[in-house]
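Worksheet: one structure, shown below.
The values are calculated or read from the model by the stated rules, or taken from the named source; none is laboratory data. Note that this is a predicted model, so its numbers are computed, not measured. All Cβ positions, glycine included, derive from the backbone under ideal geometry; neighbour counts span all protein chains shown.
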Amino acid sequence: MSFVKRLVQLDVDSTFIQQEAIELLAARAGVLQEVSAITESAMRGELDFEESLRSRVSLLRGLPENVIAQIQEEITLTDGAQDLVNSLHAQGHSVALVSGGFIDIIAPMIHVLSIKYYKANKLEIIDGVLTGGLVGPVIDRSAKAAALHEFAVASEVKIENTVAIGDGANDLDMMAAAGLSIAFNAKPVVVEAADLSINEPSLKSVIDLIGLR
């Protein structure tokens with residue numbers, strides 16, 4: 001049987017990593033309760049993602065830049081995430097990460113895992129302090145779907161051979177665009193839209209689910 005190359009694209013917060021990075025930042029800024037309420041509403045699809053993200057980030061204004069390095073140390077990969085990436089790369093497949101969170105926090109992890117394809121939001125930092133703003137376009141639902149198409153072309157994978165894995169409403173467009181979609185401990189609206197669903201705190205079953213073992 002001839003080799004069929006795949007691109008597996010994953011959401012980051014609460015999918016590829018166990019935490020919601022913005023909530024870790026919010027805890028340091030003393031605004032966790034306010035940020036969590038906005039996050040939950042956005043994940044349920046009740047709020048426009050860009051509007052909700054900018055609202056949450058604005059609450060981080062004044063946080064010192066050195067907090068980012070501390071939070072990088074707090075981030076923990078979801079069980080099976082590293083093995084999934086290593087297995088896919090070893091078999092000649094491609095992996096992409098797309099995040100409504102922040103490249104500032106996940107950049108070291110991307111480097112360590114040799115992940116070539118990624119997109120995330122960028123915090124605006126001036127004179128060593130978070131301004132409460134963002135730099136560049138927001139990575140929202142449509143941007144995640146566009147990234148899937150972009151990375152599929154870049155990695156020479158047909159769109160029908162792509163896999164998208166996510167947990168929130170922000171992942172719905174990329175999941176709809178992918179050849180196969182997997183909901184990971186997801187909100188009901190995402191489970192309903194997905195082809196397959198994982199309801200355990202591990203990504204170990206992904207290789208089997210997409211038929212690569």
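Under 20 Å from ASP48 (Cα atoms) and either surrounded by 24 or more Cβ atoms within 10 Å (Cβ to Cβ) or not acidic (Asp, Glu) (or both): does that describe LEU196? No. Evaluation of SER52 against the conditions (1) within 20 Å of MET174 (Cα to Cα); (2) of a type outside the set (A, V, I, L, M, F, W, C); (3) at pLDDT 95 or above; (4) crowded, with 19+ Cβ neighbours inside 10 Å shows that the sole unmet condition is (3). For the stretch 139-184, a residue qualifies if it is β-branched (Val, Ile, Thr), more than 18 Å from SER197 (Cα to Cα) and more than 13 Å from the chain's Cα centre (by Cα), and the qualifying residues are VAL153, VAL157, ILE159.
Only a single criterion out of (1) surrounded by 14 or more Cβ atoms within 10 Å (Cβ to Cβ); (2) free of Cβ contacts under 8 Å to residues at least 60 places away in the same chain; (3) out of contact with any Phe, Trp or Tyr (no Cβ under 6 Å at 6 or more places or on another chain); (4) of a type outside the set (Asp, Glu) is not satisfied by PRO188, namely (1). Looking only at residues of the stretch 141-164 that are in contact with a Gly (Cβ under 7 Å, 6 or more places away or on another chain) and of a type outside the set (A, V, I, L, M), we find that the one that is nearest to VAL67 (Cα to Cα) is THR162. Regarding the stretch 15-37, can at least one residue be identified that is in contact with a strand residue (DSSP E or B) (Cβ under 6 Å, 6 or more places away or on another chain), hydroxyl-bearing (Ser, Thr, Tyr) and buried (at least 16 other Cβ atoms within 10 Å of the Cβ)? Within the stretch 15-37, one or more residues are in contact with a strand residue (DSSP E or B) (Cβ under 6 Å, 6 or more places away or on another chain), hydroxyl-bearing (Ser, Thr, Tyr) and buried (at least 16 other Cβ atoms within 10 Å of the Cβ). The residues on offer are LEU84, LEU32, and the sole one that is of a type in the set (A, V, I, L, M, F, W, C) and in contact (Cβ under 8 Å) with a residue 12 or more places away in the chain is LEU84. Among the residues making up the stretch 136-161, those that are of a type outside the set (Asp, Glu) and over 22 Å from ILE103 (Cβ atoms) are VAL157, LYS158, ILE159, ASN161.
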